[in-house]
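Input: a single structure, listed below in structure tokens.
The values are calculated or read from the model by the stated rules, or taken from the named source; none is laboratory data. Bear in mind the structure is a predicted one, so any value in this text is a computation, not a measurement. All Cβ positions, even for glycine, are placed from backbone atoms using ideal geometry, and neighbour counts span all protein chains on display.
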Amino acid sequence: MGFISRYINREQSIVFNHIAIDVPQDANFRMHVHDVCEMIYLVSGDISAIIGEKTYKLPKNSVVFFRANVPHRIRIDSSDEPYERYDIIFDENLLANRIFFEIPHSIDVINYTGERRITDLLKRLDYYPQHFDGKNLQMLITGIVEELLFNLYLMPKDTIDETLLTVHPLIGDAVTYINAHYAEPITVEDICKQLNITKSYLHRLFVDEMSISPKKYVNVRRLAKAQRLIRRGGRPSHIYVECGFSEYATFFRNYTEYFGYPPSQENHIEIERKIKS
């Protein structure tokens, strides 16, 4: 992955990346979830954003919100066009202002055809790390992130193009059911019974529409909840049942395979390892 510029602030839980990939490979962007927010500005690329059960075909100059605890991924639709993006990951609860919470939760994508106020702020994210460090850089980056959110809040609502969104009705129904029951010991068979469809058809829908199997999607939701509980002080050996796992060994294996470290190390892993793009 080609980093043009990068900034990591562990104290404020802010990560900024400006990346460009000449020949993007879809395999690099799997469905994942984290308990902080992520905001992407698309400079170029033939891509879609999958957020929960929704899929957005992204035009250039799109801003995409991946909110905390919502499974999401970038899907590369064609590797013929280079992929370039600005990526800002932040804990909305640690920002000085609360403007992020004023942006309607239903808004996932804003397309504004290159508003100068936004692009100028992003260019400053490239510029400042070359000239400042320490507390000065922390103050500048945090201020730019907050100013970006204020400007996005002010964007006219007609910049939100609903035609970018596609949702298969059965996928929507399946995800609604999963979100309500994933902490219970439900199976893929339970989902199929609820929707009155076959297991093979559900599997094909999920893979075609979301690039993930229904079983793995349920697992992502469960592991995300487990991560939140552990970070809040829960003991892995106590919380796994609350997350829909019937056996600790299964939970431990899945957690380690997904995050790359065992649940006991969750609060000792640096932010850049916790967050996957």
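Restricting attention to the stretch 75-97, the residues that are touching a Pro at 6+ places or on another chain (Cβ under 9 Å) and of a type in the set (A, V, I, L, M, F, W, C) total 1. Of the residues making up the stretch 56-115, those that are more than 14 Å from the chain's Cα centre (by Cα), under 25 Å from Y127 (Cα atoms), in a loop (DSSP other than H, G, I, E, B) and not hydroxyl-bearing (S, T, Y) are K60, N61, P82, L95, A96, N97, G114, E115. Criterion first (surrounded by 21 or more Cβ atoms within 10 Å (Cβ to Cβ), not in a loop (DSSP other than H, G, I, E, B) and not assigned by TED's automatic domain parsing to the domain that holds A180) does I118 satisfy it? Answer is no for this residue. Screening I110, I89, I47 for residues that are within 16 Å of E146 (Cα to Cα), surrounded by 17 or more Cβ atoms within 10 Å (Cβ to Cβ) and assigned by TED's automatic domain parsing to the domain that holds L148 leaves exactly one candidate, I89. I103 meets each of the listed conditions (1) closer than 17 Å to E11 by Cβ; (2) modelled with pLDDT under 90; (3) aliphatic (A, V, I, L, M) apart from (1).
I'd like the full set of residues that are without any contact (Cβ under 8 Å) to a residue 60 or more places away in the chain and in a helix (DSSP H, G or I), limited to the stretch 131-148.
Quick first cut of the stretch 131-148, residues without any contact (Cβ under 8 Å) to a residue 60 or more places away in the chain only: 131-136, 139-140, 143-144, 146-147.
Result: G134, K135, N136, M139, L140, G143, I144, E146, E147.
Among all positions in the stretch 82-105, there is no residue which is farther than 28 Å from Q138 by Cβ and among the charged types (D, E, K, R). Restricting to the stretch 181-199, count the residues that are over 17 Å from Y240 (Cα atoms) and of a type outside the set (D, E, K, R). Qualifying residue count, the stretch 181-199: 8.
Yes/no matrix, rows are residues, columns are (1) in a loop (DSSP other than H, G, I, E, B); (2) under 30 Å from D77 (Cβ atoms); (3) of a type outside the set (A, V, I, L, M):
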{"residue": "G172", "(1), (2), (3)": "no, yes, yes"}
{"residue": "Y177", "(1), (2), (3)": "no, yes, yes"}
{"residue": "I186", "(1), (2), (3)": "yes, no, no"}
{"residue": "Q194", "(1), (2), (3)": "no, no, yes"}
{"residue": "I212", "(1), (2), (3)": "yes, yes, no"}
{"residue": "K216", "(1), (2), (3)": "no, yes, yes"}
{"residue": "L223", "(1), (2), (3)": "no, yes, no"}
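Exactly one residue out of K135, K193 is over 20 Å from A49 (Cα atoms) and either modelled with pLDDT under 95 or buried (at least 16 other Cβ atoms within 10 Å of the Cβ) (or both), and it is K135. Residues that are of a type outside the set (K, R), touching a Ser or Thr at 6+ places or on another chain (Cβ under 8 Å) and surrounded by fewer than 19 Cβ atoms within 10 Å (Cβ to Cβ) were ranked within the stretch 56-86; the one that is modelled with the lowest pLDDT is N61.
Within the stretch 238-267, the set of residues being loosely packed, with under 12 Cβ neighbours inside 10 Å, small (G, A, S) and assigned to a helix (DSSP H, G or I) comprises just one member, A249.
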